[in-house]
Amino acid sequence: MTSVAEVQRAVESLWPAATAEDWDAVGLIAGDPADAVSRVLLAVDAVDATAAEAVARGADLLLVHHPLLLRGATSVAATTPAGRVITRLVRERVALLAAHTNADAVDRGTSGELATMLGLTGLAPIVVNRVDASLGLGRVGDLPQPIALGELVRTLAGLLPAVAGGLRAVGDPAQHVQRIAICGGAGDSLLRERAVAGADVYITSDLRHHPASDARERHGAGEGPALVDVSHWASESLWLRPAAEQLRAALPGVEVLVSDIRTDPWDFAVPQEEHAWH
């Protein structure tokens, strides 16, 4: 029999908690370490839909990328979204475990997986991990040949799961790019990092208005990269399948499933004609 504690140890061996960022909250969120586990479900988010999926598919443990209680909580009553998830999982004896920035930092993490899918070479972290210099947030590397920015964005659109918001970009679509910086998930905090500033294009998510506007101005003056803003969920969902492969190898007696649910928060988008602003 495999226990929740043994799954925790396997997760720790693959994505050590010590390599998570200081502000992060990884590890066991709910569940009894002594409970038996025969099936694990992986998802990006712990939300009503993925909790229900874990129960419906007979999972004993839900491993997510995003910690459910990252910003702390004084209650997990079922009157809140997080409380409803916790209540459902505890009631059904499904443990909840999170691997977040500790899973971002590895070569087959969110950024490293997309970098590999793009065929980048000479990969290095954007920010080196404080515990292990071979790990770190983001990845920067080079395409085998320069390509037009527009072609790169179209390639990304084909590699990432489709979401309502699509992809957005800053820069001339005909501009040729080769050195690529990537940060899966929210990455505008890394815009001023040397590895990002020295890249031809920076691919990340959740670019806020003011940091993006500042980066756009600097790019227009030849001082920084073009930008590609992709869905946070879509970029981080790339971690799920390699993570499942690694867990299957580490826990041969446990069935490891990947969630079919897209937890990108947006349901639909309405394109606008450019002349609408004139």
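The values are calculated or read from the model by the stated rules, or taken from the named source; none is laboratory data. Note that the structure is a prediction, hence the values are computed from the model and not measured. Reconstructed Cβ throughout: ideal geometry from the backbone, glycine too, with neighbour counts over all protein chains shown.
Taken over segment 148-161, the residue count meeting the criterion of being out of contact with any Asp or Glu (no Cβ under 8 Å at 6 or more places or on another chain) and buried (at least 19 other Cβ atoms within 10 Å of the Cβ) is 4. All of (1) closer than 24 Å to W233 by Cβ; (2) in contact (Cβ under 8 Å) with a residue 40 or more places away in the chain; (3) of a type in the set (A, V, I, L, M) hold for V90 with one exception: (1). Is segment 113-124 home to any residue that is crowded, with 22+ Cβ neighbours inside 10 Å, touching a residue at least 24 places away in the same chain (Cβ under 8 Å) and either over 29 Å from P271 (Cα atoms) or over 18 Å from the mean Cα position of the chain (by Cα) (or both)? Taking every residue of segment 113-124 in turn, at least one turns out to be crowded, with 22+ Cβ neighbours inside 10 Å, touching a residue at least 24 places away in the same chain (Cβ under 8 Å) and either over 29 Å from P271 (Cα atoms) or over 18 Å from the mean Cα position of the chain (by Cα) (or both). Going by what's in this entry, would A20 be described as in contact with a helix residue (DSSP H, G or I) (Cβ under 9 Å, 6 or more places away or on another chain) and either modelled with pLDDT of 95 or more or not β-branched (V, I, T) (or both)? Against the criterion (in contact with a helix residue (DSSP H, G or I) (Cβ under 9 Å, 6 or more places away or on another chain) and either modelled with pLDDT of 95 or more or not β-branched (V, I, T) (or both)), A20 qualifies. Does A82 satisfy the criteria of being closer than 21 Å to H65 by Cβ, out of contact with any helix residue (DSSP H, G or I) (no Cβ under 9 Å at 6 or more places or on another chain), not in a helix (DSSP H, G or I) and not β-branched (V, I, T)? In short, no. Inspect all residues belonging to segment 46-58 and state whether any of them is under 19 Å from the mean Cα position of the chain (by Cα), under 17 Å from N102 (Cβ atoms) and crowded, with 17+ Cβ neighbours inside 10 Å. Taking every residue of segment 46-58 in turn, at least one turns out to be under 19 Å from the mean Cα position of the chain (by Cα), under 17 Å from N102 (Cβ atoms) and crowded, with 17+ Cβ neighbours inside 10 Å. Annotation: of all residues in segment 1-19 being in contact with a strand residue (DSSP E or B) (Cβ under 9 Å, 6 or more places away or on another chain) and part of a loop (DSSP other than H, G, I, E, B), the one that is farthest from L68 (Cα to Cα) is M1.
Tally time: how many residues in segment 93-113 are more than 18 Å from D45 (Cβ to Cβ) and assigned to a loop (DSSP other than H, G, I, E, B)? Number satisfying all stated conditions: 5.
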